[in-house]
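What follows is a set of notes on a single structure, which appears directly below.
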Amino acid sequence: MPEEGNREPANDPQDLERLLVKRQWVGDVDGMAALYEVNAVLDDGGGILAIGKEAIRALFADFTAKGIRFSSGNQSPALINGDLALTSTRLPDGSVTAEVARRQSDGTWLWVIDKFSIA
């Protein structure tokens, strides 16, 4: 797996979804977790609320071990206000995700809130 400094950064909030799916398909659990802020929160829509990057990493490691694969969907344009962005994707199964990303001091973007299914 690539070292964190060698991974493609999310230079736009729209990059986050693509990078998450790409990293999951190659089994890069650390790379998936690297797309989240240290104190991010993730709701998997199935009753699991992962709080913090380490809990999110553990959730993704469990998904990978179980062979769960993410699919790319139809991503809506990000709604950006200053250093915050709302991202959302309609997945092939019809469910809709919602995420809040924050611009980091280096100009890259990380998710702070991720809800796998809002509809």
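Let's see how each residue does on (1) assigned to a strand (DSSP E or B); (2) closer than 20 Å to Ala33 by Cβ; (3) open to solvent by 80 Å² or more (accessible area, probe 1.4 Å); (4) among the hydroxyl-bearing types (Ser, Thr, Tyr):
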residue: Ala58; (1), (2), (3), (4): no, yes, no, no
residue: Phe63; (1), (2), (3), (4): no, yes, no, no
residue: Arg69; (1), (2), (3), (4): no, yes, yes, no
residue: Pro77; (1), (2), (3), (4): no, no, yes, no
residue: Thr87; (1), (2), (3), (4): yes, yes, no, yes
residue: Pro92; (1), (2), (3), (4): no, no, yes, no
residue: Glu99; (1), (2), (3), (4): yes, yes, no, no
residue: Asp106; (1), (2), (3), (4): no, yes, yes, no
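Does the stretch 36-56 hold any residues that are at pLDDT 90 or above and either within 12 Å of the chain's Cα centre (by Cα) or assigned to a loop (DSSP other than H, G, I, E, B) (or both), and which are they?
Tyr36, Glu37, Ala40, Val41, Leu42, Asp43, Gly52, Lys53, Ile56
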- [ ] Output the residue which, of all residues in the stretch 26-85 that are in contact with an Asp or Glu (Cβ under 6 Å, 6 or more places away or on another chain) and of a type in the set (A, V, I, L, M), is farthest from Ala10 (Cα to Cα).
- [x] Leu49
Open item on the list: Go through the stretch 36-56 and report how many residues are within 20 Å of Thr108 (Cα to Cα), surrounded by 14 or more Cβ atoms within 10 Å (Cβ to Cβ) and hydrophobic (A, V, I, L, M, F, W, C).
Closed with: 4
- [ ] Pairs only if they're at least six apart or on different chains, beta carbon under 8 angstrom, first in the stretch 1-17 and surrounded by 12 or more Cβ atoms within 10 Å (Cβ to Cβ), second modelled with pLDDT under 95 and of a type in the set (A, V, I, L, M, F, W, C); list them, first residue then second.
- [x] Met1/Val26
Open item on the list: List pairs: first residue in the stretch 54-71 and of a type in the set (A, V, I, L, M, F, W, C), second residue open to solvent by 50 Å² or more (accessible area, probe 1.4 Å) anywhere in the structure, Cβ distance under 7 angstrom, at least six positions apart or on different chains.
Closed with: Leu59/Ile48
Task: Selection from the stretch 62-109 of residues that are under 19 Å from Asp30 (Cα atoms) and over 14 Å from the mean Cα position of the chain (by Cα) - done: Asp62, Thr64, Ala65, Lys66, Gly67, Ile68, Gln104
TODO: Would you mention how many residues in the stretch 21-35 are open to solvent by 10 Å² or more (accessible area, probe 1.4 Å) and either among the basic types (Lys, Arg) or at pLDDT 95 or above (or both)?
DONE: 5
Open item on the list: If I filter the stretch 13-33 for residues that are small (Gly, Ala, Ser), in a loop (DSSP other than H, G, I, E, B) and within 13 Å of the chain's Cα centre (by Cα), do I get at least one hit?
Closed with: no
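The values are calculated or read from the model by the stated rules, or taken from the named source; none is laboratory data. Quantities reported herein were computed from a predicted structural model and do not represent experimental measurements. For neighbour counting, all protein chains shown are included, and Cβ atoms are generated from backbone atoms with ideal geometry for every residue, glycine included. In case anyone asks, the SASA skips ligands and DNA or RNA and just uses the protein heavy atoms, side chains included. Shrake-Rupley method; radii C 1.70, N 1.55, O 1.52, S 1.80 Å.
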